[in-house]
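The values are calculated or read from the model by the stated rules, or taken from the named source; none is laboratory data. Quick caveat: nothing in here was measured; it's all calculated off a predicted structure. Because the Cβ atoms are built from the backbone with ideal geometry, glycine has one as well, and the counts that use them run over all protein chains shown. Each accessible area value is taken on the protein alone, full model and side chains, heavy atoms only, with ligands, DNA and RNA left out. Shrake-Rupley method; radii C 1.70, N 1.55, O 1.52, S 1.80 Å.
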Amino acid sequence: MKTKDPFLGNERTLSGRMNEIDYLKCVCILLMVIFHLTYIGDKYPYAKQVVYTFHMPIFLLISGYLTNIGKSIKEFLKKYLWIFIPYAVMETSYAVASCLLPVRQGLEELSLPAIIEAIFVSPVGPYWYLHTLILCALLYYAIFHLVRGEAITRFIILGLCLYGLTCLHLLAYENAAYFLGGCILAQTHVKLNRFFRPSIWAIIPFILLCAVPENLSRGSLSGIIITYLASCLLLYFYPLLTDRLRRGSLYIGQHTLAILLFSPVFTMLAKGYLPLLSFDPTGILFLVTATALAVGGSLAIEQMLYRSGLSRYFFGK
């Protein structure tokens, strides 16, 4: 009699959403939008460096935690196909735009091989996260379905395979390591909102660590600690939110894919109206305006796709 593999169940993701996770995703996606605004990043470079130490690591940790390898191969591949399709469309669009507009970290020349490389090997712009997510999730699924044995054996093999992809320059190992950490938490049945202990006191070591520039690297031990402390600190404020703010943060957290996909369109356009808000020397008015337009515009595009029926060709639903 064939026994069910205990590591292929993902009960925690089948019983409903965890509000704290959606809240963390909301905060991280807002920070992503804010510091993709070139003007804000240039005006507050140290704050950008601090945020870049923890915001995407939190996203990657959550992604690994929520990856459901208990699905059939057909269901699993279908899900990631409909992440790859919008990723490929938007990555191609960004790559082309980077050759025509003054965009940082874009393509040096516009050609079909360069675009193919951007999609499959070295993404340009903010879409590297989806590239990393797809590769890590597919490898995670394959290892846990093809390799038999204890979880530690599978995780060692998964870690080695991820390192192999790093050697092939397909992803950065520090990013894959956070995804791997989320997978380990999931397989050990540790609740994410219990792993991160909400505490206002986390602010003290967080500030002390962030005060030293050498600590601001997501791949270092200090970067891992900063990521943990930032998560604990953010979760402390979640129960303090008003009902309206809580509902809003959960809604944004449930639609981060759309914001990730479409917000670069609005952060590029923000350069056009920046001179109108330049009277504010702090840049805060521009930050609030541009972030609101980027998030609101992205959600509006998502709704337009669903209402027009085009979402079936873009999101597969």
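Here are the numbers:
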quantity: Every residue from region 154-191 that is part of a loop (DSSP other than H, G, I, E, B) and open to solvent by less than 30 Å² (accessible area, probe 1.4 Å); calculated: Leu171
quantity: Test: residue in region 195-209 that is in contact (Cβ under 8 Å) with a residue 60 or more places away in the chain and in a helix (DSSP H, G or I); calculated: no
quantity: Arg194 being surrounded by 12 or more Cβ atoms within 10 Å (Cβ to Cβ) and either under 24 Å from the mean Cα position of the chain (by Cα) or modelled with pLDDT of 95 or more (or both); calculated: no
quantity: Any hit, region 207-219, residues being out of contact with any Cys (no Cβ under 8 Å at 6 or more places or on another chain), more than 28 Å from Ile119 (Cα to Cα) and among the acidic types (Asp, Glu); calculated: yes
quantity: Residue satisfying all of: in region 223-282; of a type in the set (Gly, Ala, Ser) and under 21 Å from the mean Cα position of the chain (by Cα); surrounded by the fewest Cβ atoms within 10 Å (Cβ to Cβ) among these; calculated: Gly248
quantity: Residues of region 37-66 satisfying the condition of being open to solvent by less than 60 Å² (accessible area, probe 1.4 Å), of a type in the set (Ser, Thr, Tyr) and modelled with pLDDT of 95 or more; calculated: Thr53, Ser63, Tyr65
quantity: Only one of Leu274, Leu235 that is among the aliphatic types (A, V, I, L, M), within 21 Å of Leu61 (Cβ to Cβ), in a helix (DSSP H, G or I) and in contact (Cβ under 8 Å) with a residue 40 or more places away in the chain; calculated: Leu235
quantity: Residue within region 305-316 that is in a helix (DSSP H, G or I) and aliphatic (A, V, I, L, M) present; calculated: yes
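The rows are residues; the columns are (1) at pLDDT below 95; (2) under 30 Å from Leu81 (Cβ atoms); (3) of a type in the set (D, E, K, R).
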{"residue": "Arg218", "(1), (2), (3)": "yes, yes, yes"}
{"residue": "Ser249", "(1), (2), (3)": "no, yes, no"}
{"residue": "Met268", "(1), (2), (3)": "yes, yes, no"}
{"residue": "Pro281", "(1), (2), (3)": "yes, no, no"}
{"residue": "Ala294", "(1), (2), (3)": "no, yes, no"}
{"residue": "Ser298", "(1), (2), (3)": "no, yes, no"}
{"residue": "Ser311", "(1), (2), (3)": "yes, yes, no"}
